[in-house]
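Each remark here refers to the structure printed beneath this line.
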Amino acid sequence: MNQGKPTILVTGADLAAPALQLLRDYEIVFAGKTPSEEDIVALCRQHDPVAIIVRYSKVGERAMAAAPSLRVISKHGSGTDTIDKVAARARGIEVVAAAGANAAAVAEQALALMLACAKSVTTLNARMHAGHWDKSTHKSLELEGRTVGLIGLGAIGQRFAKMADAVGMRVIGFDPYAKAVPDFVRLADLETIWRESDVISLHCPLTDDNRNLINAGTLAACKPGVIIINTARGGLIDEAALLDALKSGQVASAGLDSFQVEPMVAGHPFLGTDNLVLSPHIGGVTGDAYVKMGVGAASNALAVLAR
């Protein structure tokens, strides 16, 4: 345990320079590129941090118990599902998130995945590189006039909604916690989202209530040929059900940036599926978002520590 400056543990290998400057009065301990939950517990036991900035891995009750000085757990981003919030509340540890810091980056990734699916970008690219010219046989989907259903209308969902509106899409959305939405978004229940959407894009946090929200039943309730986009959390989708729907054509294509188990393991059933566009949970990973999330996480932690 450090006897000089109080310690802040970062569950990653780095933090943006402006964030480190904000934290200059603290000893910063990095957990490494791919820390396990056991690594986090051991580092908490060794350094007794006053704050944890969460980039990767989970922070559970055992880590909190190993750090009696811990006062705040600050997420480097917006999703706090990797933090045991019940255990934190029981110990009086505040959980905060850099909400909105990566909104532009994630919304742009969702747009890229939607366009890639609608326009068969990856499939046509592979065909072209293999020497084919499919102009006379291929037809892409025109998004203008189509309906996109958004589940989650926070900072990311609303930014994506603005992009979809600019494309000329009709935007409907479900979010029981939304306090205000733009005029071009029509609030709808989930049954309407399934029934009317040509594209469904997920922008909500993962909770016990919405785990496997996209499943065999909800997919069957969708329009045939729907496009599914997920830049939120992998646990929102029953992956086996989605794969079946992709094979049957009930889902025309899907663009996924998050998965139930990360990193994706070799031999995953998704691999090699032609109508599935994949990216390795990098929606919020841009140079700008890296700085915004680091500064947001550091500022949030400092605000709690200053009380």
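Throughout, read-outs are computed from the coordinates displayed, never taken from laboratory work. Keep in mind it's a predicted model, so treat the numbers as computed, not measured. In this analysis, Cβ positions are derived from the backbone assuming ideal geometry, glycine residues included, and neighbour counts consider all displayed protein chains.
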Worksheet item: Do any chymotrypsin sites (Phe, Trp or Tyr not before Pro) in region 72-178 lie in a DSSP loop with no more than 13 other beta carbon atoms within 10 Å, and if so, which?
Response: TRP133, TYR177
Worksheet item: Taking Rh as the Kirkwood radius computed over C-alpha pairs, what is the Stokes-Einstein D of the chain at 25 °C in a medium of viscosity 0.890 mPa s, expressed in µm² per second?
Response: 119 µm²/s
Worksheet item: Relative to the Cα centre, what is the charge dipole magnitude of region 72-154, using +1 at the beta carbon of each Lys and Arg, -1 at the beta carbon of each Asp and Glu, and rounding to the nearest 20 debye?
Response: 120 debye
Worksheet, complete the sentence: If every Lys and Arg gets +1 and every Asp and Glu gets -1 at its Cβ, then about the Cα centre region 103-278 yields a dipole, in debye to the nearest 20, of 400 debye
Fill in: Sequence ranges 269-275, 190-196, 110-116, ranked by mean other-Cβ count within 10 angstrom, highest first
110-116, 190-196, 269-275
Practice prompt. Quote the charge dipole size of the chain about the Cα centre in Debye, to the nearest 20; the model charges only the Cβ of Lys and Arg (+1) and of Asp and Glu (-1).
Written response: 420 debye
Worksheet item: Farthest toward the dipole's positive end in the chain, which of ILE214, ALA161, ASN230, given Cβ charges of +1 (Lys, Arg) and -1 (Asp, Glu) about the Cα centre?
Response: ALA161
Fill in: Pairwise centroid distance, computed over Cα atoms, of region 241-307 with region 109-146, Å
21 Å
Worksheet, complete the sentence: Over all viewing directions the Cα convex hull of region 103-278 casts an average projected area in nm² of 10.4 nm²
Worksheet item: Rounded to the nearest whole Å³, what is the per residue volume of the convex hull around the Cα atoms of region 70-124?
Response: 90 Å³
Worksheet item: What ratio of Cα Rg to 2.2 N^0.38 Å holds for region 1-105?
Response: 0.99
Discussion item. Distance between the C-alpha centers of region 174-215 and region 1-66? Whole Å please.
Written reply: 35 Å
Practice prompt. Calculate how large, on average over all directions, the projected area of the Cα convex hull of region 186-307 is; give the answer in nm² to one decimal.
Written response: 10.0 nm²
Fill in: Farthest toward positive dipole pole in region 160-307 [+1 Lys/Arg, -1 Asp/Glu at C-beta], among VAL199, ALA188, VAL277
ALA188
Fill in: From the C-alpha gyration tensor of region 105-194, square roots of 5λ in Å
31, 13, 10
